[in-house]
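Some notes on the structure that comes next.
The values are calculated or read from the model by the stated rules, or taken from the named source; none is laboratory data. Keep in mind that this is a model prediction, so the values were computed, not measured. When we count neighbours, we look across all protein chains shown, and the Cβ atoms used for this are built from the backbone with ideal geometry, even at glycine. The area values use the complete protein model at the heavy-atom level, side chains included, leaving out ligands, DNA and RNA. Shrake-Rupley method; radii C 1.70, N 1.55, O 1.52, S 1.80 Å.
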Amino acid sequence: MPELSEKTLGDYLEHWAKVSPDREYIVYSDRDLRFTWKQFNERVDDMARGLIAIGVTKGTHVGLWAQNVPDWLTFLYACAKIGAVCITVNTNYKQNELEYLCKDSDMHTLCLTDGTWESSYVDMAYTMLPELRECQRGHLESKRFPKLKNVVYIGQEKYRGMYNTAEILLLGENTDDDEFLRLRRSVTCHDVVNMQYTSGTTGFPKGVMLTHYNIANDGFLTGEHMKFTQDDKLCVCVPLFHCFGVVLATMNCLTHGCTEVVVERFDPLVTLASVHKERCTALYGVPTMFIAELNHPMFDMFDLTCLRTGIMAGSLCPIELMRKVEDKMHLRVTSVYGLTESSPGMSQTRIDDPDEVRYTTVGRDYEFVDVKVLDPETNKEVPAGVQGEMCCKGFNVMKGYYKNPKATAEVIDSNGYLHSGDLGIMDENGNYRITGRIKDMIIRGGENIYPREIEEFLYHLPGVRDVQVAGVPSKKYGEEVGAFIIAEEGAALTEDVVRDYCRGKIARYKIPKYVFFVKEYPLTGSGKIQKFKLRELSLKLCEEQGIEVI
């Protein structure tokens, strides 16, 4: 039976730097950039001292707005060592979202890269902080953001009013150790180390406060369920700003002393090549990532027999896709269920679970976590086989939403259980199936319809690569069922083919009234499908196709 640890992130890093100084920790295979545990720990210490030199201290909020660049983890651990809070910023954020987060989080220092092909982070920073163009580094005085004092560019380029990485490291090399050591000793496992903002699929995003104790233990147990050791190499192509990357991947590697092979921006070819070249033993991804890898025209060129395990999570995982991944990519897939507020894992299938359990459930409780399925109306536990809301209590539950006790009380009840908003069922063996989301439920003329059930059914239709089901507004019934299908290349699918496949096999009211063939789904930055946007998309497609919504 594994045990919970009270080590901080800094404790773990220093442990491996001492025990395995010459083992590789961070690898970027596409540019052959490698850090051993000792090299990385030294760089983190220099970065931490440099942050202290620009006014960062215990409790300071430091924003990190970047894709999976090499120094992403350096900044994270530098904050962790001195008790600062690393605020991970969604890489898809635009101007308004950035400004909302900076204001709401009381950010002191913002660390950023150039941005993405469609968004310049530097330009957005200057728009938000026009004073940067006139001030010296470290002397920012913003009228709109009075708490924001520094902007750090992650890279070598120089921008007016901003520090860059080299300058922060140089400041660190020339900063006295006394304050660093004082702050380092003051950090405890129950301090907040990471704040992630909810995806914002409903309402304004909220800052989820996660402690060292939350995320280190969640990552450790995740790795235990896949039998991780120091000899494992995990290919991380999921975004680090999200719990999937920073906890399930990074904390897994940190607590087990294994190698993290990072892909800066998801690309199926770079991911496959990294696994092949580095002989990775594990691979993570959301379903759309695995689909892209399997369907890449160069897939057969790579030897993936080194893989043994991985995680498919982040959104509903099609059974047929999991089978195909195991057959063609040679790994035993596990699934993690949870949410940012639960650090994120609350249940997981284990690597040794039978195929039926791994394919059709999200496993059983994490150790030291009490998962219950509660009746949404009465808040009482329901028996096995009865649907209710997935809730949990344990070490993994967030400290709360930042500056928002009211919202915190709305999701953590008086008994300490975190309410997920997801619907699930526990079977007689203690494994859970997620059946939908309370707010995703389609209500058609008084009939409750759960999209997951229809999605799993339609995945078996030949020619369907991926499918999502969402409610389409209806004047007559309130909502109708809409199926949004990504078809296999060359598949002869039509609306009639889809409906004919359903007739006689599922209840009539569950058969999609609307069938839309799309190329992609609207996603959050972490790869989750935004169902509420599918609802909006349905109205647009109906208008374009001359379909009357009745």
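Accessible area per residue, 1.4 Å probe, Å², for segment 199-327: what's the number?
Value returned for segment 199-327: 29 Å² of accessible area per residue.
In Å, what is the Rg of the alpha-carbon atoms in segment 304-454, and how long is Dmax?
Cα radius of gyration and Dmax of segment 304-454 are 16.3, 52 Å respectively.
Once you wrap a convex hull around the alpha carbon atoms of segment 396-550, what is its projected area averaged over all directions, in nm²?
Mean projected area for segment 396-550: 12.7 nm², to one decimal.
Helix 95-104 versus the longest principal axis of the chain: what is the Cα-based angle in degrees, 0 to 90, to the nearest 10?
Roughly 60 degrees between the two axes.
Please report the equivalent ellipsoid semi-axes of segment 450-491, computed as sqrt(5 x eigenvalue) of the Cα gyration tensor, largest first, in whole Å.
23, 11, 6
For segment 292-298, what does the Karplus curve 6.51 cos²θ - 1.76 cosθ + 1.60, with θ = phi - 60°, yield as ³J(HN,Hα) per residue in whole Hz, taken in order and with x for Gly and Pro?
Karplus values, whole Hz, x for Gly and Pro: 5, 5, 4, 9, 5, x, 9.
Please sort by residue number the GluC sites (Glu not before Pro) in segment 1-80 whose DSSP state is loop and whose Cβ has at most 16 other Cβ atoms within 10 Å. Mind showing how you got there, number by number?
Numbers: sites: Glu3, Glu6, Glu14, Glu24, Glu42; in loops: Glu3, Glu6.
Those that pass, being in a loop and sparsely packed, are Glu3, Glu6.
Of the beta bridges DSSP finds with both residues in segment 53-149, what % are antiparallel, to the nearest 5?
Approximately 20 percent, going by the DSSP bridge assignments.
At q = 0.15 Å⁻¹, what log₁₀ I(q)/I(0) does a Debye calculation on the Cα points of segment 212-300 give, no solvent, two decimals?
Once normalised to I(0) and log-transformed, intensities are -0.53.
For segment 410-550, with the dipole built from +1 on Lys and Arg beta-carbon atoms and -1 on Asp and Glu ones, taken about the Cα centre, which of Leu461, Gly416, Ile506 lies farthest toward the positive end?
The one lying farthest along the dipole's positive direction is Ile506.
Ratio of Rg to Rh for the chain, alpha carbon only, Kirkwood?
Values: Rg = 23.6 Å, Rh = 24.4 Å.
Rg divided by Rh gives 0.97.
Rounded, prolate or oblate for segment 4-75? Axes are the square roots of the Cα gyration tensor eigenvalues, ordered a ≥ b ≥ c, and the cut-off for rounded is a/c under 1.5.
It is oblate, given that a/c is not under 1.5 and a/b is not larger than b/c.
Along the charge dipole of the chain, Cβ charges K/R +1 and D/E -1, which of His242, Tyr521, Tyr121 sits furthest on the positive end?
The Cα lying farthest towards the positive end belongs to Tyr121.
If the only charges are +1 at each Lys and Arg Cβ and -1 at each Asp and Glu Cβ, what is the size of the charge dipole of the chain around the Cα centre, to the nearest 20 debye?
For this selection, approximately 900 debye.
Met47 accessible area, nearest 10 Å², 1.4 Å probe?
0 Å²
Work out, in µm²/s and without decimals, the Stokes-Einstein translational diffusion coefficient of segment 415-495 at 4 °C, 1.567 mPa s, Rh from Kirkwood over C-alpha pairs.
So the translational diffusion coefficient is about 89 µm²/s.
For a quick check: with amide H placed at 1.01 Å from N, whose amide H comes under 5 Å from Ala487's, ignoring anything fewer than 5 positions away on the same chain?
Distant-sequence amide H within range of Ala487: Arg465, Val518.
Over the heavy atoms of Asp327, what accessible area does a 1.4 Å probe trace out, to the nearest 10 Å²?
Approximately 110 Å² for this residue.
Given Cα pairs under 8 Å that are at least 6 residues apart, what percent is the relative contact order of segment 420-550?
19 percent
Output needed for segment 88-245: three equivalent-ellipsoid semi-axes, defined as square roots of 5 times the C-alpha gyration tensor eigenvalues, in descending order, whole Å.
In descending order, the three semi-axes are 29, 22, 17 Å.
Given Cα pairs under 8 Å that are at least 6 residues apart, what percent is the relative contact order of the chain?
Value for the chain: 10 percent.
Note the direction-averaged projected area, equal to a quarter of the hull surface, for the Cα convex hull of segment 33-140, in nm².
On the way: hull surface 28.6 nm².
If you wrap the Cα atoms of segment 33-140 in a convex hull and average its projections, you get 7.1 nm².
Report, in degrees rounded to the nearest 10, the 0 to 90 angle that the Cα long axis of helix 319-329 makes with the longest principal axis of the chain.
Orientation of helix 319-329: about 50 degrees from the principal axis.
So which GluC sites (Glu not before Pro) in segment 350-450 end up in coil per DSSP with only 14 or fewer other C-beta atoms within 10 Å?
On the way: sites: Glu356, Glu367, Glu377, Glu381, Glu389, Glu410, Glu428, Glu447; in loops: Glu367, Glu377, Glu428.
Passing sites in segment 350-450 are Glu377, Glu428.
What is segment 12-136's relative contact order, in percent, from Cα pairs under 8 angstrom and six or more apart in sequence?
20 percent
What per residue convex hull volume, in Å³, do the alpha-carbon atoms of segment 458-518 yield?
Output value, Cα hull per residue: 76 Å³.
At 1.4 Å probe radius, can you tell me the per residue accessible area of segment 452-506 in Å²?
Details: 2480 Å² over 55 residues.
Solvent-accessible surface per residue comes out at 45 Å².
Report, to the nearest 10°, how far helix 72-82 tilts away from the longest principal axis of the Cα atoms in the chain, using its own Cα long axis and a range of 0 to 90°.
60 degrees
As I understand it, the dipole of segment 86-194 uses +1 on the Cβ of Lys and Arg and -1 on the Cβ of Asp and Glu, about the Cα centre. Which of Val89, Tyr100, His190 lies farthest toward its positive end?
The Cα lying farthest towards the positive end belongs to Tyr100.
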